[in-house]
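Where a number appears in this text, it was derived from the coordinates with a stated rule and is not lab data. Worth saying up front: this structure is predicted, and the values here are computed from it rather than measured. Virtual Cβ from ideal backbone geometry, glycine too; neighbours counted across all protein chains shown.
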Amino acid sequence: MWLLPRTHFPSSSSSSSSGSLCRVLAILSFLLFAVALLATPAAASRGDRLPEFKDCVQGCKEGNCLSEKTPLPLHLRLLLWNCPSECDYACQRSVTASRVGSGQSIEQFHGKWPFKRLWGVQEPFSVLFSILNGHVHYAGLKSLKRELPRSYPLYPYYRLFSIFGMFCWLWSTVFHTRDFVFTERMDYFAAGANVLYGLYLAPIRIFRLYRPTYARILRIWGMVCIAAYAVHLFFLLGVRWDYTYNMTANVVVGSITNILWTYWSIRHYTRLKSFWAAWPGLIVMWLIMAMSLELLDFPPVAGALDAHSLWHAATILPGMWWYRYVATLPLPTALSYVLHFALLSILPSPCPGCHVHYVRPC
């Protein structure tokens, strides 16, 4: 293992780091933007076919969107709400309130529950939790750059992990702010890329593929992952947009990653008898339990908090736990302040009493 004082680590220019990060995110966004333009609209939900909903939308459009359009507030127009979409939202809320009042079930519209928006944001809690998840990766990346030496063999892979994480949660935030076909596709593509990168990283760390002797194997493994992602996009855009397939593909890839980290944790905990060696396996268990929220879908509580938003909330602490595992990195930034100290109260430092930086053994 390495026990290095922080002064041994080279510093980097914040401006050049920020510029490099922006370029990476811009390239990823541009590539997925190109394929997302090929997307087609999804099928309607049960709520869309309700006669009262259709009549409401038609009447609203005829009364407000034809000759003299009813003006919308600026904050709604900034988020690309227009008269027809405003009618659609108003009728969703009206029909839902009427059904709840008469003891009927709440139905989905356009594949989503009828949420109460906030300042034009369609799913406020999912947006909030997506921002917090993205912030964990952003703060983690800053800490990695500050704490880890550039000579550390896993540094570039951990850095990419942070970038893919930020990219994923950026598009999750955009999608839950305003649901369009394009933002939905970008959210799905970014999430798939993030999950697949997790699978790419696991064998590199677990089987030490970063070593020069495994250079050829590492290149092959990288090409396999890139090819798998390309085939995934081709199927969704060129063959059939299939929500079930997309979910299954992500679950399968994520499950393989979880199995690898569980194997690593069991092996190293058995050998080292150190609690930190079991952390990846415990993180996996947390995520598996949190994933059950996606399977237990239910109408949003108070029109705002649903299972999907709770799933986003449940992934915040595991992300912080991961960065703490990588190099015992705290995240003392504003948005994660409370969560950070909640985590510290649960997880003792793997190096109690140390006054030097601790990096995990290779």
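Please list 3J(HN,Hα) in residue order for region 56-66, calculated via the Karplus relation 6.51 cos²θ - 1.76 cosθ + 1.60 where θ = phi - 60°; whole Hz, with x for glycine and proline.
Residue by residue, region 56-66 yields 4, 5, 5, x, 5, 5, 5, x, 10, 10, 9 Hz.
Work out from phi, with θ = phi - 60° and the Karplus expression 6.51 cos²θ - 1.76 cosθ + 1.60, the ³J(HN,Hα) of each residue of region 242-257, listed in order in whole Hz, and give x for Gly and Pro.
Calculated HN-Hα couplings, in order: 10, 5, 5, 4, 4, 5, 4, 4, 5, 5, 4, 4, x, 5, 4, 4 Hz.
Which whole-percent values make up P(r) of region 47-101 when all C-alpha to C-alpha distances are grouped in 10 Å steps starting at zero?
Pairs per bin, as whole percents: 25, 48, 25, 2.
Please order SER102, SER94 by the number of other Cβ within 10 Å, starting at the fewest. Walk me through the numbers on the way to the answer.
On the way: SER102 7, SER94 15.
Exposure proxy ranking, most exposed first: SER102, SER94.
Looking at this model, which pairs from LYS61/LYS112; LYS54/LYS116; LYS69/LYS116; LYS142/LYS273; LYS69/LYS112 are more than 29 angstrom apart at the alpha-carbon? Please report the intermediate quantities before stating the final value.
Numbers: LYS61/LYS112 22 Å; LYS54/LYS116 20 Å; LYS69/LYS116 23 Å; LYS142/LYS273 31 Å; LYS69/LYS112 27 Å.
In this structure, LYS142/LYS273 exceed 29 Å between Cα atoms.
Can you tell me the equivalent ellipsoid semi-axes for region 78-237? Use √(5λ) from the Cα gyration tensor, largest first, whole Å. Walk me through the numbers before you get to the answer.
Numbers: eigenvalues 339, 67, 31 Å².
After scaling each eigenvalue by five and taking roots: 41, 18, 12 Å.
For each of ASP187, ASP306, ASP242, ASP48, count neighbouring Cβ atoms within 10 Å of the residue's Cβ, then give the residues from fewest to most.
Numbers: ASP187 23, ASP306 20, ASP242 12, ASP48 17.
Result, fewest neighbours first: ASP242, ASP48, ASP306, ASP187.
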